[in-house]
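Student: One structure follows; several queries about it will come next.
Readers should treat all values here as calculations from the given coordinates under stated rules, not as data from a laboratory. Computed from a predicted structure; not experimentally measured. Cβ: placed from backbone, ideal geometry, glycine included. Neighbour counts: every protein chain shown.
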Amino acid sequence: MQAAIPVWVPALFIGLMALGYRLSKPRRVKPAALTLLAVAMLGLSLWGEVSAFGPQPLALLLWALGYGVAAWVGAQRLTQRGLQLQGQKVHMPGSWTPLFLLLGIFACKFALGFAAGTHSPLLQDLAFIGLMSAALGALSGGFGARAVAVERCARTGQAAAEIQAG
């Protein structure tokens, strides 16, 4: 059995490392841009889930559960982590979390690609399907959590500014 890793895979890994490093620095973001990124990650994650396992109800349920829990818990924790409304943007402190989320998704997709490329019986194993589905959902939910926290900060910050101005 011989399997080859496509040339673009290490390039993608390096790109994700660079992006994760950039996201580790404090920055100001538009809430709509972060929401768009979260929606894109949700769509890509769901597409990856269905392309890996097909429309299996258990896999989709575990993916959705992982996404929902991570988005809800993560948003609760991020809301108190130094987000500040500055004009139309929200200041986000630097964090290594996006790098870990990106690399976690990369690792899951790599494992799925390897399993598919080697015709591994793991792709039929319910425990593997459940673990990968929940992991992909939770990792993608981390991006949803960031978007929810930033939107919440923008809304409450705008409301507070209107109260002070009124």
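Student: How large is ³J(HN,Hα), in whole Hz, for each residue of segment 111-125 in order, when computed from phi with the Karplus curve 6.51 cos²θ - 1.76 cosθ + 1.60 and θ = phi - 60°, using x for Gly and Pro?
Tutor: Karplus values, whole Hz, x for Gly and Pro: 4, 5, x, 5, 4, 5, x, 9, 6, 5, x, 4, 5, 9, 7.
Student: Among Gly117, Gly68, Gly48, which one shows the highest mean-square fluctuation when the chain is modelled as a Gaussian network with alpha-carbon springs under 10 Å?
Tutor: Its mean-square fluctuation being the largest, the pick is Gly117.
Student: Only Lys, Arg, Asp and Glu count, each charged at its Cβ (+1, +1, -1, -1), so figure out the dipole size of the chain about its Cα centre, rounded to 20 debye.
Tutor: 700 debye
Student: Over the Cα atoms of the chain, Rg to Rh with Kirkwood Rh, two decimal places?
Tutor: With Rg and the Kirkwood Rh in hand, the quotient comes to 1.06.
Student: While we're on this one: Which of the trypsin sites (Lys or Arg not before Pro) found in segment 23-115 are in a DSSP loop and have at most 13 neighbouring Cβ atoms, other than their own, within 10 Å?
Tutor: When the trypsin sites (Lys or Arg not before Pro) of segment 23-115 are filtered for loop state and at most 13 Cβ neighbours within 10 Å, Arg81 remain.
Student: Multiplying the sequence separation of His91 and Thr156 by 0.36 nm and subtracting their Cα-Cα distance, what value in nm do you get?
Tutor: Length difference between fully extended and current span is 22.0 nm.
Student: Let me ask something additional. With springs connecting C-alpha atoms under 10 Å apart, model the chain as a Gaussian network and identify which of Gln76, Gln124, Gln84 has the largest mean-square fluctuation.
Tutor: Maximum fluctuation in the GNM of the chain, among the listed residues, is at Gln124.
Student: For segment 31-84, what Kirkwood radius comes out of the mean inverse Cα-Cα distance, in Å?
Tutor: 12.6 Å
Student: Using a Gaussian network model on the chain with a 10 Å cutoff between Cα atoms, which of Trp47, Trp72, Trp63 fluctuates the most?
Tutor: Maximum among the listed residues: Trp47.
Student: Take Val69, project a point 7 Å from its Cα along the Cβ direction, then tell me which residues of segment 99-132 have their backbone nitrogen under 14 Å from it.
Tutor: Zone members listed by number: 130-132.
Student: Further, regarding this structure: From the backbone phi of segment 31-48, what are the Karplus-calculated ³J(HN,Hα) couplings (6.51 cos²θ - 1.76 cosθ + 1.60, θ = phi - 60°) in whole Hz, Gly and Pro given as x?
Tutor: x, 5, 5, 5, 5, 4, 4, 5, 5, 4, 5, 4, x, 5, 5, 5, 4, x
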